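Structure below; questions to follow.
The values are calculated or read from the model by the stated rules, or taken from the named source; none is laboratory data. Since the model is a prediction, treat every value here as computed from it, not as a measurement. Please note: Cβ atoms are built from the backbone with ideal geometry, for glycine as well, and neighbour counts cover all protein chains shown.
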Amino acid sequence: MSNRNPLDYSINKPLVTSFNPFRYLFKDIILVLALIAVLVFGLAMLYSSSGQSFLMVMRQSIYVFAGLIMMIFISHLKPDSYKNILMHSYWIGLLLLIYVLFNPAEGYTTSRWIDIGFFQFQPSEIIRLILPLSIVAYLHRKESNIRLEDWLYTTLAALMCSYLVFEQPDLGTSIIVFTSGIIPIYLAGLPYRVIAAYVGILAIVSPFIWSSLLDYQKQRVLTYFDSNVDPLGDGWNIAQSQTAIGSGGFFGKGYLEGTQSQLNFIPESHSDFIFSVIGEEFGLLGITCLFIVYGMIIWRIFKIGLSAQSPFERIACCSLGFIFLLFILINVSMVIGIIPVVGVPLPLISQGGTSIVVHLLAFGVILSAKRPQL
Amino acid sequence: MRAIQDLRRDEKDAQLLRSRSGVIFFFLLILIVLGVFKILQLTVLDRVNYEAESDKNRIINIPIYPARGLITLEDGTLIAENIVTKDLYIKTKLYENSIDQVEQLHDKVLDENRKIDQLQVPIQDEEKIWLARNLSEQELAKYEVQKNSIPNVQLEAKLRRYLPHKNLFSHVIGHLGLINMDERLSLSRAEYPDDSFIGKVGLEKSYEKTLRGKAGISLMEVDVYGNKIREINRVSPDKPFNLTLTLDLRLQKIAQEELANRRGAVVALEPATGFIKALVSSPDYNPNILNGSESGSLVSQSSLEDSPFFNRAISGLYPPASTIKPFIGLLGLEEELITESTIIEDKGFFQLKEEGRKYRGWKEDGHGRVDLKKAIVESSDVYFYELASKLTIDRISSFLLRFGFGEISGIDLINESKSILPTRNWKLGNIGEAWFVGDTINIGIGQGYISSTPLQLAVSLSAIANKGKIFRPKLIRNNQLDAYEPELLMEVQIENPRHWNIIEKSMISVIDSWNGTAHNLYEEGGITIAGKTGTAQIKSLTDQDLTVREEYEGIRKDIKNRDHALFASYGPVPDPNLVVVVIVENGESGSAVAAPIAKRLIEQYQININES
């Protein structure tokens, strides 16, 4: 034993002693546990913020469960095997965005929802994550270098989705869709001369864009600058959500004890504004804990992404990591009132099956980039 | 280890990815830093403000008003209670846009007769316009059918003051009304919101605090729609006290019935305590209409011009007329200007000097030889003209003052008038002239400048009934907490107590003797009543130097110029338990009109006492 090659030892020993079915199944235990922690916490907050509706929690649990199964399934696929599907899923997303403009669900003033009988969803929720993945897949469909026209095509693809969302009309989401499309393009190495050209074009057309905005979109932007503009509109929403978070203080008012949320003072408290319920009931302490877990998730995404083998995997992971972080930041910033109100749910927590499932699918893609550890 | 080796193989790619990730992260970092600062500001720096804000959001104070205190008689009869009434209102903001709904309300819900007397001027406070108060059951049923088509008209149930006996106690209990600007100044909105009712007159006003109690507060948690979720805390209201009156229902009823809507007043009180047993002023009104607990007419049509809201029993000033004679007679005895047997010759008039002005008595031919008893029994004016002229005004007014003339009695009602007891200075100050002996002579028969309220006259007379003691007149027997004890107001001390008896005997003879002015009350074996009639002249025959016949033919054709009939009495002698003063305006004859009312009251009161 003593004259054995140290390298043999180090290679062989883990093989025998550290086979762990969980590590095999989940690939990255820290990431999966952090995800589950956030999801379970989310279900608990959903119960509190939905007026203690058990039904809503059950529905959400089904999506969470289905999403986790799909995530694990995808995580065991080889990225090359679904790269083409991802690339072409762009067209599905585009079709949904066109479809929703002509066939919106009834009962809304805007054309954002598709009603397929037993549930409703917003295609923009799907396109936010489909778009970056399909763009990465397109840019890295071949081993060869990316051509100049590929940058243009992908930029146009992102602009197209963004415009369709803008037509719903939903200014905030259209900006977010565009951002989530441009991040992978930039990370994949969009040349700076192309960027310069884009900026030049933007400078020329931006006055036309502003004049084409609807009053309601201008209103949303203006609310940000003065929350007294419409005390019962968005400004009122923000004031109520700030009151909720502020009155939570350091320790919070306790689970199910938040007066702002339990008495319905917070609008959309179970969906976009669920963060204010967390702040009210668990205080600064609860917010900090949530951010730490979110931080762990993002750390694992980049850890996996930066050590992935192929450029597709690397760019996809990093893009998704940034988009995930961006969604959190946008949602929280909106709820605490430092940016205007936009329709972005708090990832993995807000009510909404589509959002949860699509996010978990994206995490499946991330996990699949991690080499199986045997 | 292998991942790092892979990266090294593709170092250029990795380098690019890292640097570009850094750029994106830098931008996101701005948002992160801003967010962290904002969250710290919310949860740490401004926490206290937001806590207050959050409480302000969810907690509202709802005042709890206790039901107004009940008023009962000693036997438990309810005099003032609270009933639930249903009213319709519209928010002031909505009124202009809802004219059609209001019209529909008139057409389809409300009774026909309501349109005329109540709806022309809707009663308005700041937030609501009241369209109809106190809906009948029929109206309520119609409203239930129509309410979806008139959504801006809303129903409110309220506790309102209700007097089961309606008009009977109107001048004692009084009524409530919407709080007005003057009352607003001294009362908080928490205790009295803008649509609250407050006592305006009578006991409702003088015992407002006792009857209202103090509002409590309920701290309610509400949700964003204003729905009440739960009560967080409650400060219970201070319950008001119930009042028990000294009044006697049957006496009150008899007095009202006998006055029969004529203008007049009756005051009956217990001399030994000052407790008032009947206090009626006629005509009266129905306080329930003003309290909003009943619809109908406030006053009877016939009494509209007769000031039905004026409480004649405590505010009406009348010349005491001949009812003052016993007091003057008593003073004469005390001053030893006369004795029981002093006799004067009554030829029908009195002159200070030969050829001077003739002060005529009511009997043209005079009463002949008159002593004190006969002077009171037959009500000789001439006797008292002469006595008064000898007594002088100074002695008369200082003596009458001791009986409460010229004072308010201090009953627990507002608006009591101060009766007038003239002196030399009073005339100089109020009329601007010096006092003449002629003025004194008029005072001798209770005319001229002197005036009394029926209540004050009853209080003063109770001194004779009590042989000196005068108790403060009281309407409240107890307030649930304390019993109101009799309160000795003053005691008239006289030199010779036998003089009380001389006066009392004379007053008894007013009824008992065949020649008494109120002999019509006499009945064999009946109870002994001491009394004195009075006929208060409005157009004084003393001033105009006319004979009685001339008077009747001229001036008195007009009812309003006729004399007021008075009767002041107490009984049964020797242990009187009721002093009764009756005044019937323009009733002409104290003996025929006023005296029988007093007799019925005294008799009824004996029955009541024997029963209990």
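Does segment B:408-422 hold any residues that are buried (at least 19 other Cβ atoms within 10 Å of the Cβ) and either small (Gly, Ala, Ser) or more than 12 Å from B:Tyr449 (Cβ to Cβ) (or both), and which are they?
B:Ser409, B:Ile411, B:Leu413, B:Glu416, B:Ser419
The rows are residues; the columns are (1) aliphatic (A, V, I, L, M); (2) touching a residue at least 24 places away in the same chain (Cβ under 8 Å); (3) under 29 Å from A:Leu367 (Cβ atoms).
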position	(1), (2), (3)
A:Lys78	no, yes, yes
A:Glu106	no, no, no
A:His140	no, yes, yes
A:Ser162	no, no, yes
A:Leu171	yes, yes, no
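Out of (1) at pLDDT 90 or above; (2) within 8 Å of chain B (Cβ to nearest Cβ), what's the single condition that is false for A:Tyr255?
Only one criterion is unmet by A:Tyr255, namely (2).
While we're looking at this one, here's another question. Where in segment B:322-404 are the helices (runs of 4 or more DSSP H), entirely inside, with at least 2 residues that are outside the structural domain of B:Thr453 (by TED's automatic domain parsing) and charged (D, E, K, R)?
Fully inside segment B:322-404 and qualifying: nothing.
Which residues, taken from segment A:327-344, are buried (at least 24 other Cβ atoms within 10 Å of the Cβ) and in contact with a Gly (Cβ under 6 Å, 6 or more places away or on another chain)?
A:Val332
Could you please give the count of residues in segment B:219-246 that are in a strand (DSSP E or B) and more than 26 Å from the chain's Cα centre (by Cα)?
Residues in segment B:219-246 being in a strand (DSSP E or B) and more than 26 Å from the chain's Cα centre (by Cα): 12 in total.
Looking for whichever is acidic (Asp, Glu) and at pLDDT 90 or above here; the options are B:Glu231, B:Glu258. Which one fits?
Unique residue meeting the criteria: B:Glu258.
Further, regarding this structure: Looking at segment A:304-360 only, could you name the residues that are more than 16 Å from the chain's Cα centre (by Cα) and more than 13 Å from chain B (Cβ to nearest Cβ)?
Matches in segment A:304-360: A:Pro340, A:Val341.
Would you mind telling me which numbered condition in (1) more than 10 Å from every other protein chain (Cβ to nearest Cβ); (2) of a type outside the set (Asp, Glu); (3) closer than 19 Å to A:Asn331 by Cβ; (4) part of a helix (DSSP H, G or I) A:Trp299 fails?
(3) is the only condition that A:Trp299 fails.
Tally up the residues in segment A:187-213 that are within 14 Å of another protein chain (Cβ to nearest Cβ), touching a residue at least 40 places away in the same chain (Cβ under 8 Å) and in a helix (DSSP H, G or I), please.
2
Taking only pairs six or more apart or across chains, which ones have beta-carbon atoms under 7 Å, a first residue in segment A:60-76 that is among the small types (Gly, Ala, Ser), and a second residue that is buried (at least 19 other Cβ atoms within 10 Å of the Cβ) and not in a helix (DSSP H, G or I)?
Cβ pairs passing all conditions: A:Ser75/A:Lys27.
More than 17 Å from A:Leu320 (Cα to Cα) and touching a Ser or Thr at 6+ places or on another chain (Cβ under 9 Å): is that true of A:Asp150 in this structure?
no
If A:Gly254 satisfies every condition in (1) without any contact (Cβ under 8 Å) to a residue 60 or more places away in the chain; (2) outside any loop (DSSP other than H, G, I, E, B); (3) not β-branched (Val, Ile, Thr) but one, which is the exception?
Of the numbered conditions (1) without any contact (Cβ under 8 Å) to a residue 60 or more places away in the chain; (2) outside any loop (DSSP other than H, G, I, E, B); (3) not β-branched (Val, Ile, Thr), the odd one out for A:Gly254 is (2).
Would you confirm whether or not segment A:76-91 contains a residue that is in contact with a strand residue (DSSP E or B) (Cβ under 9 Å, 6 or more places away or on another chain) and not in a helix (DSSP H, G or I)?
No, because not a single residue in segment A:76-91 is in contact with a strand residue (DSSP E or B) (Cβ under 9 Å, 6 or more places away or on another chain) and not in a helix (DSSP H, G or I).
Of all residues in segment B:490-510, how many are within 21 Å of B:Asp575 (Cβ to Cβ) and touching a residue at least 40 places away in the same chain (Cβ under 8 Å)?
Number of matching residues: 13.
Go through the residues of segment B:289-306 one by one and say whether even a single one is modelled with pLDDT under 90 and closer than 19 Å to B:Thr453 by Cβ.
Yes; the residues of segment B:289-306 include at least one that is modelled with pLDDT under 90 and closer than 19 Å to B:Thr453 by Cβ.
Would you mind telling me which numbered condition in (1) crowded, with 16+ Cβ neighbours inside 10 Å; (2) basic (Lys, Arg); (3) farther than 25 Å from B:Gln480 by Cβ B:Lys200 fails?
All conditions pass for B:Lys200, except number (3).
A further question on this structure: Just checking: which of the helices (runs of 4 or more DSSP H) contained wholly in segment B:8-102 hold 3 or more residues that are among the charged types (D, E, K, R) and within 12 Å of chain A (Cβ to nearest Cβ)?
Of the helices (runs of 4 or more DSSP H) lying wholly inside segment B:8-102, those with at least 3 residues that are among the charged types (D, E, K, R) and within 12 Å of chain A (Cβ to nearest Cβ) span B:11-40, B:47-58.
Inspect segment A:107-116 for any residue being assigned to a helix (DSSP H, G or I) and not β-branched (Val, Ile, Thr) and give the result as yes or no.
No, the conditions are met nowhere in segment A:107-116.
In segment A:155-184, which residue that is farther than 14 Å from A:Arg128 by Cα and either surrounded by fewer than 19 Cβ atoms within 10 Å (Cβ to Cβ) or at pLDDT 95 or above (or both) is nearest to the other protein chains (Cβ to nearest Cβ)?
A:Thr155
For (1) within 21 Å of the chain's Cα centre (by Cα); (2) polar (S, T, N, Q); (3) surrounded by fewer than 19 Cβ atoms within 10 Å (Cβ to Cβ); (4) at pLDDT 85 or above, each residue gets a yes or a no:
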site	(1), (2), (3), (4)
B:Gln154	no, yes, yes, no
B:Tyr162	yes, no, no, yes
B:Leu176	yes, no, no, yes
B:Asp195	no, no, yes, no
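In this structure, is A:Phe273 more than 10 Å from every other protein chain (Cβ to nearest Cβ), in contact with a Pro (Cβ under 8 Å, 6 or more places away or on another chain) and surrounded by 24 or more Cβ atoms within 10 Å (Cβ to Cβ)?
yes
I'd like the full set of residues that are in contact (Cβ under 8 Å) with a residue 60 or more places away in the chain and polar (S, T, N, Q), limited to segment A:239-251.
A:Ser241, A:Gln242
Scan B:Leu251, B:Leu259, B:Leu269, B:Leu247 and give me the residue that is touching a residue at least 40 places away in the same chain (Cβ under 8 Å) and closer than 15 Å to B:Leu457 by Cα.
Among B:Leu251, B:Leu259, B:Leu269, B:Leu247, only B:Leu269 is touching a residue at least 40 places away in the same chain (Cβ under 8 Å) and closer than 15 Å to B:Leu457 by Cα.
Here's a check for you: in segment B:209-256, which residue that is exposed (fewer than 13 other Cβ atoms within 10 Å of the Cβ) and of a type in the set (Asp, Glu) is farthest from the other protein chains (Cβ to nearest Cβ)?
B:Asp238
Would you tally the residues in segment B:456-477 being surrounded by fewer than 24 Cβ atoms within 10 Å (Cβ to Cβ) and either free of Cβ contacts under 8 Å to residues at least 60 places away in the same chain or of a type in the set (D, E, K, R) (or both)?
6
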